[in-house]
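What follows is one structure encoded as C-alpha cells, with my remarks underneath.
The values are calculated or read from the model by the stated rules, or taken from the named source; none is laboratory data. Model, not experiment: these values are computed from the prediction. Backbone-built Cβ (ideal geometry, glycine too); neighbour counts: all protein chains shown. Only protein heavy atoms, including side chains, enter the accessible area calculation; ligands, DNA and RNA are left aside. Shrake-Rupley method; radii C 1.70, N 1.55, O 1.52, S 1.80 Å.
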Amino acid sequence: MEELWTRKYPVGNDDFVSLRKNNELYIDKTELIWQMMQLSRWIFLSRPRRFGKTLLTSTLQAYFEGRKELFEGLAIAEHEKEWVKYPVFHFNLSEVKDLPLEEIQPRIGHQLKEYEAIYGRDEDERTPGARLSGLIKRAYKQTGLGVVLIFDEYDAPLLGKLGDSELLDKTRTIMQEFYTPIKSCSAYERFTFITGITKFSQLSIFSTLNNLKNISMLPQFAALTGFTDEELDTVFRPDIERLGSTMGIGYDETREMLRKHYDGYYFTKAKVAVYNPYSLLNAFSDQEMEDYWFRTATPSFIFQVMQKYKTDITSLERLLAPADGFDVPTEAMTSALPMLYQSGYLTIKDYDPETYIYTLDFPNLEVRTGFIKGLMNTYLGLEKADTQVGFALKFWQALRKNDIELALREMKAYIAGLPYIEGFKKKLEEVKTAEGFYEWTFYIIFSMLNVYVRTQVKCIKGRIDILIKMPDTIYVMELKLHGTPLSALKQIESGDYGVPYTTDGRKIVKVGIRFDMTKLAVKDWKVKME
C-alpha cells in the first residue's frame, strides 16, 4: 500500500496567508523579495498569466502588514527585525477584466470602499483616482506611516480591448486617472508594486511616473516567480519520485519529461530557466502531465493581435530579434512579437552579446502544442481540430513506415474533405497563394504532433516549401499550382535543396506535389528517394 501522501499543493490558491495557515507547499522566494525592496520604492514586474504574480503580491501585502508569524522559517525573517504594520492598499484589477466601459469605475470603487471603511472618504472625492489620493493622504496622516500600494494585473482592463482602438483609448483614460496618485502622492508612500502581463508605456498609463523600476528582465530576479531546476532537485525531489512511480518510469525519465513539458522560460539574458508553477503543481497534484496552462483558456486578444499584424506563424521558432523588438510598450508595437513574448508564448532562448540579438522560441511542449491548437480556427478557418489530428496521425504513421505513397494518399483524401467555405477563401487571400495556405496548414497540423516541420527553409539556391524530419528520413517537398510534379522535383534538384542534409545520415526523400487551385485538391505527385 502506498504511504499516505501528506504534502498539500496550493493549486488554485494564490493567497499567501491561507497558504501558510493551511500548511500548503510554499517555495521560499522571500530572499529575492527582500533584494527587490532594497532596489527601489517603485517596482514593476511583467510575467505571463498563471505565473505566480498574485501570490507574490499577496506575500508583499502580508509582509508590509507586519504578519511576522507567517514568515517563520523563511529567508526574509533573517533580514527583518521590526515588522512594522503599514497601511496597505492592494488592488486586483483582474476583477475589472472584460467589463463594459461604464462598469469599470464602479468595480474599482467597490475595492476602494474596503479601505474607505477604515480611513474614511471626503464627499468631493468622486473618481477612483480622487478617492485613492484621499485614502493615501488620510492613511498617512492617521498612522504616520508611508502607504504601500499594490496593483495586481494592472493591465487586465486593457487587454481585452486591444482590438478596438477607440474603446482602448477610453479605457486607458479611465485607468490613467486611477493610477495618477502613484506619482502625485509619492511623498506619502512607503512602497509601490505593479504587476501585469504586458508592458504599457509609463507615459500613457502611469502619467508622469518616471521613477518606476522595471525588473522584468533583470537577471537577479529571473526566478522571482516560477520554479528553478535547483528547486526541483531539492524541494520537489520526492514529488518527482512519486509521479514517476505512478507513471511507471524512473526518476531521471520523469525529470526529463517535466523539463520538456513545463520548463524553458527565460525572462533575462542570463541562463536561468524557470518552470511554469501552475502546470507543475497541477501535474504533481493530479499525478499526470497535461497541458494545464491552456486549460485555463488562451486569451483571444493574442490571436487578434497576430491577425492585425498579419503574423507569419511559420516564422515564430528560433526567431532573432533585438530587445527593442519585443521588450517594448504595448502601444509601440509594430508586430505581434511584444505581445507573444510578454504573454509567455515565446521566451528568450539565447543571447548574443556581440550583436545584442536575442533568440526567441516557444518555452516548452505545453505552450507549443497549446498554441498550435489555438491557431486551428484562427488561421485555417476550421472550428474543430479532430479531423486535422486524425489526418496528421495517419500521415505521420505512414512516414514512420517510410511509406510516402500512403502518406500522400492520406493527404489527398484529407484536403479533398476540407469544407469549401468563405473563411477558407479568405485565408487564401491573406497568404496570397495557395502554396502559402498549404504551407501554413502543414505547419500547424504537424506541429500539433511535435513533428519537426519547417516551411520556406532557406538554402543557397532558393527556399524549400516544406521540410519534415523523421527519425530515419528527411522529406523535402516542393508544392506547385502550375507545371507538373516532375517540374517540382527538378526544382528540388537544380536548387540543391537536399544537399544540406546529405551528411545527416538519414535517407532523403524528395517529393513534388501539384495542387488543383480550382478544386483546392491534391492533383498528383512524384517521389524520388536517395
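Overview of values
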| read-out | value |
| --- | --- |
| Only one of 283, 187 that is closer than 27 Å to residue 30 by Cα, without any contact (Cβ under 8 Å) to a residue 40 or more places away in the chain and in a helix (DSSP H, G or I) | 187 |
| Answer from 172, 138 - the residue that is under 30 Å from the mean Cα position of the chain (by Cα), surrounded by 15 or more Cβ atoms within 10 Å (Cβ to Cβ) and assigned to a helix (DSSP H, G or I) | 172 |
| Boolean, residue 256 is free of Cβ contacts under 8 Å to residues at least 24 places away in the same chain, outside any loop (DSSP other than H, G, I, E, B) and among the acidic types (Asp, Glu) | yes |
| Members of segment 330-350 found to be part of a helix (DSSP H, G or I), hydroxyl-bearing (Ser, Thr, Tyr) and modelled with pLDDT of 90 or more, listed by number | 341 |
| Filter result (open to solvent by less than 10 Å² (accessible area, probe 1.4 Å), part of a helix (DSSP H, G or I) and modelled with pLDDT of 95 or more) within segment 190-223 | 221 |
| Number of the condition not met by residue 481 [criteria: (1) open to solvent by 10 Å² or more (accessible area, probe 1.4 Å); (2) within 33 Å of the chain's Cα centre (by Cα)] | (2) |
| Of all residues in segment 374-401 being out of contact with any helix residue (DSSP H, G or I) (no Cβ under 6 Å at 6 or more places or on another chain) and over 24 Å from residue 306 (Cβ atoms), the one that is modelled with the lowest pLDDT | 390 |
| Those residues of segment 120-135 which are surrounded by 17 or more Cβ atoms within 10 Å (Cβ to Cβ) and either hydroxyl-bearing (Ser, Thr, Tyr) or over 19 Å from residue 189 (Cβ atoms) (or both), in sequence order | 133 |
| From the options 108, 27, residue that is under 27 Å from residue 198 (Cβ atoms), within 30 Å of the chain's Cα centre (by Cα) and surrounded by fewer than 21 Cβ atoms within 10 Å (Cβ to Cβ) | 27 |
| Hey, residue 193 farther than 30 Å from residue 309 by Cα, touching a residue at least 40 places away in the same chain (Cβ under 8 Å) and within 24 Å of the chain's Cα centre (by Cα) or not | yes |
| Candidate set: segment 141-167, residues that are over 16 Å from residue 205 (Cβ atoms) and among the acidic types (Asp, Glu); chosen: the one surrounded by the most Cβ atoms within 10 Å (Cβ to Cβ) | 164 |
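One line per residue, one yes/no per condition, for (1) in contact with a Pro (Cβ under 7 Å, 6 or more places away or on another chain); (2) over 24 Å from residue 236 (Cβ atoms); (3) without any contact (Cβ under 8 Å) to a residue 60 or more places away in the chain:
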| site | (1), (2), (3) |
| --- | --- |
| 39 | no, yes, no |
| 51 | yes, no, no |
| 56 | no, no, no |
| 68 | no, yes, yes |
| 83 | no, yes, yes |
